[in-house]
Amino acid sequence: MDPAQAPGVYEGAANVIAAVMLLIEFGMLRQALARDQVRLYMAQSALISVLAIVIAADRNLPELYVLAALSAALKVVAVPLVLRRLLARTGDDEEEAVGVAGSNTLSPATAVLAGIVLAAFGFFCFGAMGIHGPAAPATALAIAGAMVLVAFGLMIVRRDVASQAIGFFSLENAISLAALVVASGLPLILETAFLFDLLVAVVVFSMLIRTHHTRAESLSTADLTRLRG
Amino acid sequence: MSAAIPIPVIQLLQVLTIAIGAPGITGVIAKVEARLQGRRGPRIRQPYYDLAKLFRKEALAPDGASWFFLAAPLIAVAAYLTIPLLIPVLTSYGLPLGYMGDILGGGFLLSLASFVVATAALETGSPYAQLGSSRAKTFSAITEPVVLFVVFTVALLTGTDLPYALAATVRSSAGQIIRPAHLLAAAALFMVILHETGRIPVETHTGTYEFGMIEEARSFEHSGPFFALLKWGSELKQLILYTILADVFLAPWGLASSQRAGAVVLAIAALLAKATAVGCVVAVIDNSFAKLRLFKITEFVAGAFLLAVLGVFTLYLGGG
């Protein structure tokens, strides 16, 4: 079998950033504290900005720097701040460290293995689509596909609203990753519009978290099962 | 110009460097760890004194133990001393015996050594030694897939699974270093090394708390020279694994590319420096994390498995 050819440094860097983002997604899967999940979300969002800067530098697209700054301001600063305040308000006596450990439906090791299966599925599906191009690293795109599925998995295996919200936000990160890799030349206004979609999601999820917490006195969605007809 | 050293002598030097350097690296790690904790710590030469003391002591075997109990440490050390022939320790070009076995061959030798030690521990009838060997075998069964996936990554990267080939590939260009497959495989290997050398977060390296012990507990019943061989063996294993990590994956620079004496001496110094650097990182990890509960070790290994599997995935689309 022929040795695999090394991609260029730019493509390698993009792929590495994508791979680290996927690893952070897995980190969220096994994290037991909502606070730490928010922290991981911040790291993941920061990496998206770094990737935007790398692409901007490589392909000479100055408006991507603006996008990187906007995305960092929104996802690294604003969204985590909102989430933290929400969680602090819902936390009972010890306002810090809302534990969502009990919300795991699978043990962490099993969840990671299930995540690997999901990631493999997403990875090879995107690989089979065969989107190739000089400016689109196929691996980073496939990793974005895997991330979408793992984020869905995170929302499924967790039974609390906070993790589900973070799963949804990181899903948005995955989609931004795919967008950056495939269509980095998109006009800035469109990219920004996508970014502000996230704000809608934040509003919806914060309403959901607060309503659920005032009704059920907890973040767990397990009580909702008895509403089945 | 310095004189050329004959090839067989270089091959012997590879083994001697590992054999003599190994206790020193353990001493350095113990010293760094103590300094990080604000203690003065033992001398760096302390492991050598320990070995010398143990070699002078009387050897005892428990009642009913067969010859295998005493043969196991010898077999283990022999296996460990064979591995430096197979991996790039000092030279960037393959030595004649270097093609005797590939990475899997080295892996088999490591497993053989750990198997005979575990079997000897089982023979003693001592509950702690048996506990240790049973745990060691359980956890090595779950780290094995990680190692296999790391080997797959190497095979996909180079088209062969010779350690020399991977080192040469890594040296060839910057693109080879920054590709995710290589970084993920190296990270997975590092986690396996933490596991195999019995470091935090898997096992406390120092201390006498038997219930947390995995590898350490296996040598409880050995004494005198045989205990010394076991201790030396685990130090050898540590330096061998560090050498694989540094000379094959992370930093295959500083190896001798010719037979000149100067280059070879420089390579010895470079190897020890690299192993010390890896050891310092390990010491920092030792001091910054808590030991995992026994049943949490599977999560640690699942993390390493994730890295290794992702490494293989990224290669399949050609880009990684």
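Just so you know, all these numbers are worked out from the coordinates, no wet-lab data involved. Fair warning: this is a prediction, and the values are worked out from it, not measured in the lab. In this analysis, Cβ positions are derived from the backbone assuming ideal geometry, glycine residues included, and neighbour counts consider all displayed protein chains.
Could you give the nm distance between label points at residue B:60 and residue B:99, where each point is 7 Å from its Cα heading toward the beta carbon?
Output for this residue pair reads 5.2 nm.
Using +1 on the beta carbon of Lys and Arg, -1 on that of Asp and Glu, and nothing else charged, what's the dipole of the protein assembly as shown about the Cα centre, debye to 20?
On the way: 36 positive and 35 negative charges, 167 e Å.
I would put it at about 800 debye.
What residues have an amide H closer than 5 Å to that of residue A:160, excluding those fewer than 5 places away on the same chain, when H is modeled at 1.01 Å from N in the peptide plane?
Under 5 Å from the amide H of residue A:160: A:221.
Under 14 Å from the Cβ of residue B:314, count the other residues' Cβ atoms, weight Lys and Arg +1, Asp and Glu -1, and hand me the total. Mind showing how you got there, number by number?
Working: positive: B:179; negative: A:11.
Around residue B:314, the charge tally is 0.
Please identify, among B:26, B:243, B:119, the residue showing maximal mean-square fluctuation in a Gaussian network model of chain B using a 10 angstrom Cα cutoff.
Per the Cα network of chain B with a 10 Å cutoff, B:119 tops the list.
Assuming 1.002 mPa s and 20 °C, estimate D for the protein assembly as shown with Stokes-Einstein, Rh taken as the Kirkwood radius over Cα pairs, in µm²/s.
84 µm²/s
Could you put B:286, A:58 in order, starting from the residue whose Cβ has the fewest other Cβ atoms within 10 Å?
Details: B:286 21, A:58 17.
The fewest-first ordering by Cβ neighbours comes to A:58, B:286.
How do A:204, A:182 line up, fewest other C-beta atoms within 10 Å first?
Numbers: A:204 12, A:182 17.
Result, fewest neighbours first: A:204, A:182.
From other protein chains only, count the Cβ atoms within 10 Å of every residue's Cβ in A:137-150, then give the mean.
Details: counts 4, 5, 11, 5, 2, 6, 7, 0, 0, 2, 0, 0, 0, 0.
Mean shielding by partner chains, rounded to a whole number: 3.
How much mean residue ellipticity at 222 nm does chain A get from its helices, if each DSSP H run of length 4 or more adds -39500 (n - 2.57) and you divide by all residues, to the nearest 500 deg cm²/dmol?
Details: 8 runs with 162 residues, N = 229.
Only helices count here, giving -24500 deg cm²/dmol.
Kindly put B:99, B:242, B:128 in sequence by how many other C-beta atoms sit within 10 Å of each C-beta, fewest to most.
Numbers: B:99 12, B:242 27, B:128 17.
Ordered by Cβ neighbours within 10 Å, fewest first: B:99, B:128, B:242.
Taking each residue in A:110-117, count the Cβ atoms of any other chain within 10 Å of its Cβ, then average. What number comes out?
On the way: counts 3, 2, 6, 4, 0, 2, 6, 1.
Mean number of neighbouring Cβ atoms from other chains: 3.
For chain B, take the longest principal axis of its alpha carbons; what is the angle in degrees between that and the long axis of helix B:224-243, to the nearest 10 within 0 to 90?
Roughly 20 degrees between the two axes.
Hey, could you pull the Cα Rg and Dmax for chain B, both in Å?
When restricted to Cα atoms, chain B yields Rg and Dmax of 19.4, 60 Å.
Mind checking which aspartates and glutamates have their C-alpha under 18 Å from residue B:57, skipping anything on the same chain fewer than 8 residues away?
Filter leaves B:221.
Let me have the 222 nm mean residue ellipticity of chain B computed from DSSP H runs of 4+ only, each contributing -39500 (n - 2.57), with the sum over all residues rounded to the nearest 500. Intermediate results must be reported in sequence, preceding the final value.
Values: 11 runs with 210 residues, N = 320.
That comes out to -22500 deg cm²/dmol.
Tilt of helix B:261-288 relative to the longest C-alpha principal axis of chain B, in degrees (0 to 90, nearest 10)?
60 degrees
Can you list residues whose amide H is under 5 Å from residue B:260's amide H, if they're 5+ apart or on another chain and H is modeled 1.01 Å from N?
Answer set, sorted by chain and number: B:5.
Given R₀ = 30 Å, what would the calculated FRET efficiency be for residue B:46 paired with residue B:293, taking r from the Cβ atoms and rounding to 0.05? All intermediate terms of the calculation are to be shown ahead of the outcome.
On the way: r = 31 Å, r/R0 = 1.02.
Computed FRET efficiency for residue B:46 and residue B:293: 0.45.
Determine the sum of side-chain charges near residue A:110: Lys and Arg each +1, Asp and Glu each -1, restricted to other residues whose C-beta is under 14 angstrom from that of residue A:110. Walk me through the intermediate numbers first.
Details: positive: A:30, A:158, B:296; negative: B:299.
Every neighbour counted, the sum reads +2.
Peptide A:123-130: average number of partner chain Cβ atoms within 10 Å per residue? Could the numbers behind the result be given before it?
Details: counts 5, 3, 0, 1, 5, 1, 0, 1.
Other-chain Cβ atoms within 10 Å of each residue's Cβ, averaged: 2.
Which distance in nm do the two modelled labels at residue B:266 and residue A:214 give, with both placed 7 Å along the Cα-to-Cβ direction?
Between residue B:266 and residue A:214, the simple spin-label model gives 7.4 nm.
FRET efficiency for residue B:141 and residue A:129, Cβ-Cβ distance as r, R0 = 25 Å, nearest 0.05? Walk me through the intermediate numbers first.
Values: r = 37 Å, r/R0 = 1.50.
Efficiency, from the Cβ-Cβ distance: 0.10.
Could you pull out which residues in the range B:270-285 have an amide N less than 20 Å from a spot 7 Å beyond the Cα of residue B:253, following the Cα-Cβ vector?
Taking a point 7 Å out along Cα→Cβ of residue B:253, the residues of the range B:270-285 whose backbone N falls under 20 Å are B:270-281.
I need the shape label for the range B:206-310. Rule: rounded when a/c is under 1.5, else prolate if a/b > b/c, else oblate, with a, b, c from the alpha carbon gyration tensor.
Cα axes put the range B:206-310 in the oblate bin.
Please state, as a whole number in µm²/s, the translational diffusion coefficient that the Stokes-Einstein equation yields for the range B:81-176 at 10 °C and 1.306 mPa s, with Rh defined as the Kirkwood radius across alpha carbon pairs.
It comes out at roughly 104 µm²/s.
Taking a quarter of the surface of the convex hull around the Cα atoms of the range B:14-131, what do you get in nm²? Can you show the working numbers first?
Details: hull surface 40.0 nm².
Averaging across all directions leaves 10.0 nm² for the Cα convex hull.
Roughly how many debye, to the nearest 20, is the charge dipole of the range B:7-316 about its Cα centre, given +1 on each Lys and Arg Cβ, -1 on each Asp and Glu Cβ, and no other charges? Could you put the intermediate results ahead of the total?
Values: 22 positive and 18 negative charges, 184 e Å.
So the dipole magnitude of the range B:7-316 works out to roughly 880 debye.
By a straight-distance test (C-alpha under 26 Å), which lysines pair with residue B:137 as possible cross-link partners, with residues fewer than eight away in the same chain excluded?
Candidates past the 8-residue exclusion: B:231, B:237, B:291, B:296.
Per 5 Å bin, what percent of the C-alpha pairs of chain A does each bin hold, from zero upward?
Taking every Cα pair in chain A, the percentages come to 1, 7, 14, 18, 18, 15, 11, 7, 5, 2, 1, 0, 0.
In nm, to one decimal, how far is the modelled label at residue B:35 from the one at residue A:225, with both set 7 Å along Cα→Cβ?
Each label point lies 7 Å from its Cα, and together they span 5.6 nm.
To test your reading of the geometry: what angle, between 0 and 90 degrees and rounded to tens, separates the Cα axis of helix A:108-129 from the longest principal axis of chain A?
40 degrees
For chain B, set up a GNM with springs between Cα atoms under 10 Å and report which of B:245, B:184, B:266 has the largest fluctuation.
Highest fluctuation among the options: B:266.
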